[in-house]
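Below is one structure, written out as structure tokens; the observations come after it.
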2 protein chains.
Amino acid sequence: MYQFRHGPAREAEISDTELPELETDALPPETQLDEDDRLKPEYVTAVLDALEAGDDEGARALVEPLHPADIADLFELVGDEERVNLARAVADLLNGDVFAEMNDYVREQLIQALEPHEVADIASELDTDDAVAIIEDMDEDEQRAVLRALDPDDRAAIEEALSFPEESAGRLMQRELIAVPEHWTVAETIEFLRGDEELTTDFWEIFVVDPGHRPIGTCQLSWILRAPGGIAIGDVMKREQTLIPVDMDQEEVALRFQKYALISAAVVDASGRLVGMITVDDIVHIIQQEAGEDVLRLSGAGEGDINEPILDSYKSRVRWLLANLITAMVASSVIAAFEGTIARMVALATLMPIVAGVGGNAGTQTLAVTVRALATNQLTQSNTARAIMREIRVAMMNGVTVAAVIGVGVSLVFGNPALGLVIAAAMMTNILVAGLAGVLVPVTLDRFDADPAVASSVFVTMTTDSIGFLAFLGLATAAGLTG
Amino acid sequence: MYQFRHGPAREAEISDTELPELETDALPPETQLDEDDRLKPEYVTAVLDALEAGDDEGARALVEPLHPADIADLFELVGDEERVNLARAVADLLNGDVFAEMNDYVREQLIQALEPHEVADIASELDTDDAVAIIEDMDEDEQRAVLRALDPDDRAAIEEALSFPEESAGRLMQRELIAVPEHWTVAETIEFLRGDEELTTDFWEIFVVDPGHRPIGTCQLSWILRAPGGIAIGDVMKREQTLIPVDMDQEEVALRFQKYALISAAVVDASGRLVGMITVDDIVHIIQQEAGEDVLRLSGAGEGDINEPILDSYKSRVRWLLANLITAMVASSVIAAFEGTIARMVALATLMPIVAGVGGNAGTQTLAVTVRALATNQLTQSNTARAIMREIRVAMMNGVTVAAVIGVGVSLVFGNPALGLVIAAAMMTNILVAGLAGVLVPVTLDRFDADPAVASSVFVTMTTDSIGFLAFLGLATAAGLTG
């Protein structure tokens, strides 16, 4: 497989026989990107105007100087129909690097418009991991057609990758790596690296393996370059290494890269043999994605991608809204139980959403903190009790403050100290319950291996709504308040 | 400054004169970590039991085999008082690597318990960026005392770093890097790297600079190792490079690393001179942190760290709850305007929170999607109009579905088709408004350079609450409903 990283475009492949001249335009020019590295709207409009005017050549000229990551961004920024026209105009710029950087949904749409042999051409330019990313989402028929069009080596590598579960290390890893035996000297290793033309040219560390091809250490290239030539590689390498099982979930892989600040890591099969390598540049977007997912899951927005097909967005969101409809009905039934009280004092209906709403917000705060702490492995069984105590203390301080404000306010506005006392007590109760629910619900879900971000907020909102209405209307009834 | 990366602990520094034997216990043993790389509760308890029994030696023996990142985790998992006892027992294991991996709040607490010369000892073990991270949060007096205790070179480097704004590239970068002139051959470069004992041993790329020390290209070590010796380094390097201005905000730096899949990047001052290097291992936790912040900001949980001092958590959260109290009162005043209608039909009070609540959820969904799209630069001026249209279409589909369910349900349960029609119409209206507010509010805040994650949800919730009550009670009044 052709060695090509999807980092910043590199004009030349290095080989012993030819070294092309490098003539480039360095950084993406200031005319295309704003200070946040986003494509300027004027620039995007210029490209679209050229397309609309039928000036495909002009559009291509505008797009050509862009970095592959920016070409990918451009495709994400334009509309569905414009996207197809753009692809036609800049077809020759649409290489593997561009596809590797592209949003999943946008890539899928474009790939569907291509012939199998075109997809195969693109895939053969890429490392296994990026090729797999392009092929894995295709229909089975098309997938087979693309695989048939690939050369046998690439095909075997991709088929093997596809045999691993989705979002596993086996899909993420590339097979191109350097492995050397422990007894080689530094000089021999350098000789080997400089001599063999077949080797990959992009790697950051080499792996040291035993005769059974099991990794026993890792060696940064800088250590090899800085060590004396006569020393065995086994004495330069670092023996502590973080091995990635081939079936490990990508979220775990990302956490491991982050925790141990890895640049690359060996992937091993069940028998401990080295089968691949994962590099950090393939991990950063997973770290970003996994960390950003919490807010989408907590709000029930599914994948939450603005390029997701509308029907998919509808399906994932409406499911959540219907679930919330049910919990809202539970809260509503609590109110129904107190209709007599409300009929005697309609002001209660005016005030009750305040108790439920602020309680809901307090619950969401605790929930967000707890979900993040669980996701980053900061909250474990060892400190759960302390985290709960912590949230109770914060909730008590919040409760006292908010209850005092609303209590005094209602007493004065309604000229009714009893009503003020009732709403203050209900508010205090609800904020405390919110704090407890906000930490207990996600911790419990996590203990049962459920994703705390997905289901927590339904339970917490139901709790704060119901308790809010129950405490306020219940206390008002008990106090015999009448309007 | 002593060259030491805070990656996985490396037992040996490589030098030409001595190469210590490596005797290590490889991976963190399975007895300490669970399958998610978290310290097992049994293990943490064992350490705490030893401490409580006064067996400092036993505790130290348990902690010694841990990876620095896991020692840092251990300190985060134990309580405040246990933390100080633990620090006393394992004082000699508390090196710079451990501090570099530690949560900010926990580190601050421990650093405060140390003498300035002890802090200086730790800082001198670290690369500039990690040393700065430890020193930057100290009081000015203590900071001065630590700086006085450092040797002049380290002190100058750290003082220079501290002269840059917090969270800027200047604070993140390390000064230890390799820069060579363009005309050197590959062989000369390798010779230089292998010859000079003073050089750093940890780097992934070298920078090629012009006579004015301005970077003109970057070269992966693997390319140097794979290229023929006689070629000039200027013909091997990649000329497109992503330069980081020294005053760039760390969030921008993180986005740039992610977008262009960088392993390291040159940092330049205002005149374009190379002043430092940032490596991806220092960036991954920023990527993770920035991506995870949205959920905390949207919920008003401030920093949202479970190790944050309770008083700080209280202050940031109560401010938000009081803001929400005000918006809840606005919604409450809408209800108050319809007290007459509620008095005629108390069932309206029972049902109105459903309209407001489900609308609020629909708004939060759109908000979460929009905030993430803005944070990842997927939503820009170029596609705002399309994103708004997209959300309106999703909202219409959601609205029709939820309105139909609640409309039919209420008609049947209350035996009142007019009431069913009113709640369906109100629900449809509110979900549409929620979708619009969920995208317009954050996009508008972003256009005015305000953080859309911080303030959006107050506005959106106020809108969905008020419109929910207004639409439902208003339509009920117009329809002349009575119980």
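Since every read-out is calculated from the coordinates, none of them should be taken as a lab result. This is a predicted model, so every value here is computed, not measured. Glycine gets a Cβ as well: all are built from the backbone with ideal geometry, and neighbour counts include every protein chain shown.
What net charge do the residues around A:V369 carry, taking every other residue with its C-beta under 13 Å from that of A:V369, with Lys and Arg at +1 and Asp and Glu at -1? Display every interim value, and only then the final one.
Values: positive: A:R372, A:R390, B:R297, B:R317; negative: A:D294, A:E391, B:E293, B:E303, B:D305, B:E308, B:D312.
Neighbour charge sum, excluding A:V369 itself: -3.
At a 10 angstrom cut-off on C-beta neighbours, averaged per residue, how do the peptides A:44-51, A:149-156, A:96-103, B:145-152 rank from highest to lowest? Mind dumping the intermediate values first?
On the way: A:44-51: 18.6, A:149-156: 14.9, A:96-103: 23.8, B:145-152: 16.4.
In decreasing order of mean packing, A:44-51, A:149-156, A:96-103, B:145-152 become A:96-103, A:44-51, B:145-152, A:149-156.
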Please state the relative contact order of chain A as a whole percent: Cα pairs under 8 Å, 6+ residues apart?
11
Grab the alpha carbons of the range A:213-266, take their convex hull, and tell me the volume per residue in Å³.
81
How many nanometers, to one decimal and shortest first, lie between the label point of A:G229 and those of its other copies, if labels sit 7 Å from Cα toward Cβ?
0.8
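Mind checking Rg over Rh on the range B:116-171, alpha carbons, Kirkwood formula for Rh? Working shown, then result.
Numbers: Rg = 9.9 Å, Rh = 10.9 Å.
In the range B:116-171, Rg relative to Rh is 0.91.
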Chain lengthening between A:D36 and A:V400 when straightened (0.36 nm per residue, less Cα-Cα)
126.7 nm
Using Cα-only point scatterers and the Debye equation, what is log10 of I(q)/I(0) for chain B at each q in 0.06, 0.07 Å⁻¹, rounded to two decimals?
-0.43, -0.56
With the range A:179-231 reduced to its Cα atoms and the Debye formula applied, log10 I(q)/I(0) at q = 0.15, 0.24, 0.27 1/Å amounts to -0.39, -1.03, -1.26
Taking a point 7 Å out from Cα toward Cβ as the label site, list the nm distances between A:E339 and the same residue in every other copy, smallest first.
2.2
How many nm is it between the label spots at B:E108 and A:E115, if each spot is 7 Å from the Cα in line with the beta carbon?
6.3
Quick one: go through the range A:392-435 and flag any residue whose amide nitrogen is under 14 Å from the point 7 Å out along the Cα-to-Cβ line of A:R344.
A:419
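Computed FRET efficiency, Cβ-Cβ of A:A87 and B:L322, R0 56 Å: what is it to the nearest 0.05? List each step's numbers first, then the result.
On the way: r = 52 Å, r/R0 = 0.93.
Result of the calculation: an efficiency of 0.60.
If you average 1/r over all unlike Cα pairs in the range B:153-288 and invert the result, what Kirkwood radius do you get in angstrom?
Values: mean 1/r = 0.0650 Å⁻¹.
This gives a value of 15.4 Å.
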Applying the gyration tensor rule to the Cα atoms of the range B:41-165 (axes a ≥ b ≥ c; rounded if a/c under 1.5, else prolate if a/b exceeds b/c, else oblate), the class is prolate
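Per residue and in Å³, how big is the convex hull formed by the alpha-carbon atoms of the range A:395-483? List each step's numbers first, then the result.
Working: hull volume 7.8 nm³, N = 89.
Looking at the range A:395-483, the number lands at 88 Å³ per residue.
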Only helical DSSP H runs with n ≥ 4 go in: add -39500 (n - 2.57) per run for chain B, normalise by residue count and round the 222 nm mean residue ellipticity to 500 deg cm²/dmol.
-19000 deg cm²/dmol
Label-point gap, in nm, between A:A145 and A:E160 - each point 7 angstrom along Cα→Cβ:
2.8
So, with points 7 Å from each Cα along the Cβ direction, the B:A179-A:E198 label distance in nm works out to 4.2
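Considering all projection directions equally, how large on average is the shadow of the alpha-carbon convex hull of the protein assembly as shown, in square nanometres? List each step's numbers first, then the result.
Details: hull surface 165.0 nm².
Taking a quarter of the hull surface, the average projection is 41.2 nm².
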Could you list A:Y105, A:Y43 in order of exposure, starting from the residue whose Cβ has the fewest other Cβ atoms within 10 Å?
A:Y105, A:Y43
Every other copy gets compared here: list the nm distances from the A:G480 label point (7 Å along Cα to Cβ) to its counterparts, shortest first, one decimal.
4.0
What is the total of Lys pairs in the protein assembly as shown with C-alpha atoms under 19 Å apart, excluding same-chain pairs fewer than 8 positions apart?
4
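Work through the residues other than B:H285 whose Cβ is under 10 Å from its Cβ and net out their charges, Lys, Arg +1 and Asp, Glu -1. Mind dumping the intermediate values first?
Working: positive: A:K259; negative: B:E101, B:D281, B:D282, B:E290.
Charge balance near B:H285 sits at -3.
By counting other Cβ atoms within 10 Å of each Cβ, how are B:R297, A:R239 ranked from fewest to most? It would help to have the intermediate numbers written out before the result.
On the way: B:R297 23, A:R239 19.
Ordered from fewest to most neighbouring Cβ atoms within 10 Å, B:R297, A:R239 come out as A:R239, B:R297.
Can you sort B:K315, B:K238, B:K40 by how many other beta carbons sit within 10 Å, fewest first?
Details: B:K315 12, B:K238 20, B:K40 16.
The most exposed by this proxy come first: B:K315, B:K40, B:K238.
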Translational D (Stokes-Einstein, µm²/s) of the range B:291-478 at 25 °C and 0.890 mPa s when Rh comes from the Kirkwood sum over C-alpha pairs?
140
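Using R₀ = 56 Å, calculate the FRET efficiency as 1/(1 + (r/R₀)^6) where r is the Cβ-Cβ separation of A:D269 and A:R393; round to 0.05. Display every interim value, and only then the final one.
On the way: r = 49 Å, r/R0 = 0.87.
Once rounded, the FRET efficiency stands at 0.70.
Only Lys, Arg, Asp and Glu count, each charged at its Cβ (+1, +1, -1, -1), so figure out the dipole size of the protein assembly as shown about its Cα centre, rounded to 20 debye. Write down the numbers at each step before the final one.
Values: 62 positive and 164 negative charges, 1376 e Å.
For the protein assembly as shown, the charge dipole is close to 6600 debye.
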After finding the eigenvalues of the alpha carbon gyration tensor for the range B:81-230, what semi-axes result from the square roots of 5 times each, listed largest first in whole Å?
37, 17, 13
Using Cα-only point scatterers and the Debye equation, what is log10 of I(q)/I(0) for the range A:224-359 at each q in 0.10 Å⁻¹, rounded to two decimals?
-0.64
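Net charge near A:P165: determine it from the other residues with C-beta under 10 Å of the C-beta of A:P165, scoring Lys and Arg +1 and Asp and Glu -1.
Here the count lands on -3.
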Output the relative contact order of the range A:57-198, whole-number percent, from Cα pairs under 8 angstrom with separation of 6+ residues.
18
